[in-house]
Amino acid sequence: MLSCKEANRLISQELDRKLSWGERIGLKLHISMCDGCSNARKQMGIVHNACKHAFGLADKSE
Amino acid sequence: MTIDTSELAALRPDMTRFAYLLLRDSHAVEDVVQATMLTAIEKQDGFKNNSSLKTWIFTILRNKTIDTLRRGKREVSISELSEDDDDLEEVLFNQHGSWNQEMKPKAWGDPEASFEQSEFWTVFNACLHNLPEQTSRVFMMREFLEFEVDDICKELKLSASNCWVTLHRARAKLRLCLDANWFSGQGFQESRR
């Protein structure tokens, strides 16, 4: 079972590379049981999306 | 087609902020922004109206910034690599790797609505600006210049593990900064009234 600390590293890395099958399963399982990490993942996703919109460069059709 | 120079000048603050987050040197930033504007004026025939002027200018700016980063990479000193909070994870997690109770992330409500508000972007830019120099550079190369992580490591001569840690740290810091200054703070509450 992943710790929150390990899960958080994967949450960041999934934005940069394709996680292995084992990593994906481990992360999914952890997040299904952990509110904190579930929120952390959403927040990192929002940070990532915000970057796409920063400087007014986002494609409006997105 | 001919570009409107006043429109070009209006883009200058955004160009400056963008280049600064990568270069962190006001002289280098000034040079890059000037060179971009010059290139834009020289090559204005290449600007087709089917893209926005801003998108076109930022393509030039990205390329100029990457060139400058490449030329200046020898100046990136090793001491910058272990920038401050190596212990961010120690603040967030206990010795078992679980969240420290007060650091456990809470739900952010409807964040997409925040993207519509200029106050949110002021906070977001301030949070980006507050990242340490090398952290900011690595993060910007990934998210804004869309480099693959391996290429960032090569360009900046960082070890792979250092690159991954730096990206993770940048995202964690931005998440915490937005939480403190927007989502849990006054900004978001007031914006919802």
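Let me check the size of segment B:81-185 from its C-alpha atoms; what are the radius of gyration and Dmax in Å?
Every Cα atom of segment B:81-185 included, Rg and Dmax give 14.9, 40 Å.
If I stretch the segment between B:SER118 and B:GLN34 completely, what's the gain in nm (0.36 nm per residue apart, minus their alpha carbon distance), one decimal? Provide the component values of the computation, followed by the final result.
Working: separation 84, 0.36 × 84 = 30.24 nm, distance 2.67 nm.
Result: 27.6 nm gained on full extension.
Averaged over peptide A:36-46, how many Cβ atoms belonging to another chain are found within 10 Å of each residue's Cβ? Mind dumping the intermediate values first?
Details: counts 10, 4, 2, 8, 8, 1, 5, 13, 6, 3, 9.
The shielding value for this peptide is 6.
Kindly provide the helix-only [θ] at 222 nm of chain A, computed as the sum of -39,500 (n - 2.57) over DSSP H runs of four or more divided by all residues, to the nearest 500 deg cm²/dmol? Show your work: numbers first, answer last.
Working: 3 runs with 42 residues, N = 62.
Dividing the helical sum by the residues of chain A leaves -22000 deg cm²/dmol.
Helix-only mean residue ellipticity at 222 nm, chain B, DSSP H runs n ≥ 4 weighted -39,500 (n - 2.57), per residue, nearest 500. What is it? Intermediate results must be reported in sequence, preceding the final value.
Details: 11 runs with 119 residues, N = 193.
Per the formula, -18500 deg cm²/dmol.
Given the convex hull over the Cα atoms of the protein assembly as shown, what projected area results after averaging over all orientations, in nm²? Please report the intermediate quantities before stating the final value.
Details: hull surface 61.7 nm².
In nm², the orientation-averaged hull projection of the protein assembly as shown is 15.4.
Give the value in nm², to one decimal: projected area of the alpha carbon convex hull of chain A, averaged over all directions.
On the way: hull surface 19.7 nm².
For chain A, averaging the hull's shadow over all directions gives 4.9 nm².
Just the isolated ones, please: cysteines in chain A lacking another cysteine beta carbon under 4.7 angstrom.
Among the cysteines of chain A, those whose Cβ sits 4.7 Å or more from every other are A:CYS4, A:CYS51.
With a ≥ b ≥ c the root eigenvalues of the C-alpha gyration tensor of chain B, is it rounded (a/c under 1.5), prolate (a/b larger than b/c) or oblate?
On the way: a/c = 2.64, a/b = 1.37, b/c = 1.93.
Oblate is the answer for chain B, as a/c is 1.5 or above yet b/c matches or exceeds a/b.
Note down the magnitude of the dipole of segment B:5-74 about its Cα centre, charges +1 on Lys and Arg C-beta and -1 on Asp and Glu C-beta and zero elsewhere, to the nearest 20 debye. List each step's numbers first, then the result.
Values: 12 positive and 8 negative charges, 76 e Å.
Rounded to the nearest 20 debye, it is 360 debye.
Starting from the Cα of B:GLU146, step 7 Å along the direction of its Cβ; do the same at B:LYS48; then give the gap between the two resulting points in nm.
For B:GLU146 paired with B:LYS48, the spin-label model returns 1.7 nm.
Count, for each residue of B:159-172, the Cβ atoms from other chains sitting within 10 Å of its Cβ, then give me the mean as a whole number. Don't jump to the answer; show the numbers that get you there.
Working: counts 0, 0, 0, 0, 1, 5, 2, 0, 4, 9, 1, 2, 12, 8.
Across B:159-172, the average partner-chain Cβ count within 10 Å equals 3.
Based on the mean of other Cβ atoms within 10 Å per residue, sort peptides B:121-129, B:139-147, A:13-21 so the most packed one is first.
On the way: B:121-129: 17.6, B:139-147: 20.1, A:13-21: 13.7.
Ranked by mean Cβ neighbours within 10 Å, highest first: B:139-147, B:121-129, A:13-21.
Near B:LYS64, which lysines are there with a Cα under 29 Å away, not counting those fewer than 8 places off in the same chain?
A:LYS52, A:LYS60, B:LYS43, B:LYS48, B:LYS54, B:LYS73, B:LYS154, B:LYS157, B:LYS173
Report, as an integer, the average count of C-beta atoms from other chains found within 10 Å of each Cβ along B:7-20. Show your work: numbers first, answer last.
Details: counts 0, 0, 0, 0, 2, 0, 0, 4, 1, 0, 2, 3, 0, 0.
Per-residue shielding by partner chains comes out at 1.
Where a number appears in this text, it was derived from the coordinates with a stated rule and is not lab data. Treat the numbers as computed from the prediction; the structure is a model and nothing was measured. Virtual Cβ from ideal backbone geometry, glycine too; neighbours counted across all protein chains shown.
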